[in-house]
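**Student:** Take a look at the following structure, please.
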């Protein structure tokens, strides 16, 4: 296997491991408590150019975004939501009856190569988390609606870009060597 292919594989594995390990982690250094975590939204990788990122929303309106791959803004960015939007996020989870969803309502895998969205709510109560695999046809419509509502309230496009925008590869600036079957 050539070095560029190995390097691309290593970056993909690292992105997947880092993305998953942060799902239940304590707040990152520098985010303080901010009244505790309200909600978590994370988009995982697929075999293509799906945006990979995570957003934590705290009860005081502090928002921490971390772009990992195929996003307009990689790295950490922060924002502040007005209290009215914090209330709208709470209401979005409540109106989706999120706390009453079965844990495995959305993680069937009849197809491959789809990303997942990890949704979680805490809000001073025990954390409830649902992993929504995009290829799962049994996902309740309330989960789809919740994801779209959260993306709108959080203005996610400012960080990940719009659907029509090209996605940035984790190896920005690296041009892979041409691949041929005869090794030349």
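**Student:** Limited to the range 119-130, what total is found for residues that are surrounded by fewer than 19 Cβ atoms within 10 Å (Cβ to Cβ) and on the phi < 0 side of the Ramachandran plot?
**Tutor:** 6
**Student:** Here are some conditions: (1) over 16 Å from residue 42 (Cβ atoms); (2) modelled with pLDDT of 95 or more; (3) in contact with a strand residue (DSSP E or B) (Cβ under 6 Å, 6 or more places away or on another chain). Residue 170 meets all but one. Which one does it not meet?
**Tutor:** (2)
**Student:** So, one more: Looking at (1) surrounded by fewer than 16 Cβ atoms within 10 Å (Cβ to Cβ); (2) in contact with a strand residue (DSSP E or B) (Cβ under 7 Å, 6 or more places away or on another chain); (3) under 23 Å from residue 136 (Cβ atoms), which is the only condition residue 93 fails?
**Tutor:** Result: residue 93 passes all but (1).
**Student:** Right, here's the next one. Quick one: which strands (runs of 3 or more DSSP E) lie wholly within the range 33-146 and hold at least 3 residues that are under 21 Å from residue 159 (Cβ atoms), more than 18 Å from the chain's Cα centre (by Cα) and without any contact (Cβ under 8 Å) to a residue 12 or more places away in the chain?
**Tutor:** Here the list is empty.
The values are calculated or read from the model by the stated rules, or taken from the named source; none is laboratory data. What you see is a predicted model, and the numbers here were worked out from it, not measured in a lab. Cβ atoms come from the backbone with ideal geometry, glycine included; neighbour counts cover every protein chain shown.
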